[in-house]
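Below you'll find the structure, written out as C-alpha cells, and then a few comments.
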Amino acid sequence: MCCVYWFTPYFVFVISVEAIEGYCDISSTCTCHLSLCDPADAQFFSTSLTWCRALGVPLYLNEADKEWFQRLGDIRPEDEVVWWTGRKGIGPGVTLVQCGGYVLPIAPADLRHFPGSSILHWDRLSEPPPPLDNLPTKPTPVSGIIFTADTIMVQPTQSKFTFIWSAPNMIPLGPHDVLKILEAVEDLPFHQATSTWPGRFIRENAKEVLVDSVASHLGRIGWKRVAGLEKIVPVI
C-alpha cells in the first residue's frame, strides 16, 4: 500500500508521529506549494523537513520553489529530499503534478502564482479490484481524485473551483495561468477533488466542474477560450 502524507501540519508532536506510524507505512511526505502572497513566508513548506526526519521517509519538493525553501542550509546528507519538476510518480497510481511555472511572457512576474504549485493525483481506477471473496458490503463508485490546495481551490459551496494569486488579498489568478493549470490536468482521469480546507470537496463530476470553472473565471476577468485552440482571447 502506498501511503502519502499530503500537506504536513505545522506542529510535530510525538503522539502524531506514533499515530501515523501505527496507521500504515508512510512512503513519502509532500508539500504542494507556497500559498501566501509574501514569498518569504513559506508556511506551506513549514516543518516538512522535520516531519521527513521524524517519519524517516522521502520529502518531495518542487524544484521551481526551491528559492523559497527556508531550510536549504539545514538539509543533511542523510535527508532524502527529492526535488522534482513537471510530473513525478511516487507510487502505484499516485503522481505529483506541477500546475504552475508555465506563464507566458505577457504576464508580469509579480502577478504570477508560485511556479512550483502542484496537486496530487490518485488514479484509483488503475488499482486492481478487491477479491470476490472480500467485496465491500456497500460498494461505492471508484474514480480518480485530485488533492489540491489553492492551486485549484474548491469553493465553499462545493460546486465550483476558483483560482487565486493571493488568498489573503483576494486577488484572482491571471487568464494565462488559469488556462495552463487546466492544460496540466486535462489528461488526468478524475471524478472527485478535495482541498486542504475543511468541507471543501467535490464528489461528482469534478473534471467537468473544473472545465466549467475555468470558463467562468476567464469570462469574469474579460477573456474566453477559443474552441479547438489552446489559446484565449479578450472578450470584446
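Every condition in (1) surrounded by fewer than 20 Cβ atoms within 10 Å (Cβ to Cβ); (2) under 26 Å from T8 (Cα atoms); (3) out of contact with any Cys (no Cβ under 9 Å at 6 or more places or on another chain) is met by A167 except one, and the failing one is (3). Considering segment 145-164, and only residues there that are touching a helix residue (DSSP H, G or I) at 6+ places or on another chain (Cβ under 6 Å) and surrounded by 19 or more Cβ atoms within 10 Å (Cβ to Cβ), the residue that is modelled with the highest pLDDT turns out to be F161. Can you tell me which residues in segment 47-69 are closer than 12 Å to T8 by Cα, within 17 Å of the chain's Cα centre (by Cα) and not in a strand (DSSP E or B)? S48, the sole residue that qualifies. Taking the criterion of being at pLDDT 70 or above and within 16 Å of F163 (Cα to Cα), the residues of segment 98-130 that qualify are Q98, C99, G100, F114, P115, G116, S117, S118, I119. Assessment of segment 169-182 against the conditions (part of a loop (DSSP other than H, G, I, E, B), over 13 Å from the mean Cα position of the chain (by Cα) and modelled with pLDDT of 90 or more) yields no matching residue.
Quick check, is T151 closer than 20 Å to G116 by Cα, in contact with an Asp or Glu (Cβ under 9 Å, 6 or more places away or on another chain) and in a loop (DSSP other than H, G, I, E, B)? Spelling it out, it is not the case that T151 is closer than 20 Å to G116 by Cα, in contact with an Asp or Glu (Cβ under 9 Å, 6 or more places away or on another chain) and in a loop (DSSP other than H, G, I, E, B). Does segment 47-61 contain any residue that is hydroxyl-bearing (S, T, Y), within 23 Å of E127 (Cβ to Cβ), surrounded by 17 or more Cβ atoms within 10 Å (Cβ to Cβ) and modelled with pLDDT of 85 or more? Within segment 47-61, one or more residues are hydroxyl-bearing (S, T, Y), within 23 Å of E127 (Cβ to Cβ), surrounded by 17 or more Cβ atoms within 10 Å (Cβ to Cβ) and modelled with pLDDT of 85 or more.
When the residues of segment 132-142 are filtered to those that are at pLDDT below 75 and over 22 Å from the mean Cα position of the chain (by Cα), the one that is nearest to Q192 (Cα to Cα) is P141.
Please specify each residue of segment 67-97 satisfying the condition of being polar (S, T, N, Q) and modelled with pLDDT of 90 or more. Correct list: T85, T95.
Residue-by-condition table, conditions (1) part of a loop (DSSP other than H, G, I, E, B); (2) more than 14 Å from the chain's Cα centre (by Cα); (3) farther than 30 Å from S126 by Cα; (4) at pLDDT 85 or above:
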| position | (1), (2), (3), (4) |
| --- | --- |
| L188 | yes, no, no, yes |
| K207 | no, yes, no, yes |
| D212 | no, yes, no, yes |
| G219 | no, yes, yes, yes |
| I236 | yes, yes, yes, no |
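The values are calculated or read from the model by the stated rules, or taken from the named source; none is laboratory data. Keep in mind that what you see is a predicted model, and the values were worked out from it rather than measured. Cβ coordinates were reconstructed from backbone atoms using ideal geometry, including for glycine residues, and neighbour counts include every protein chain displayed.
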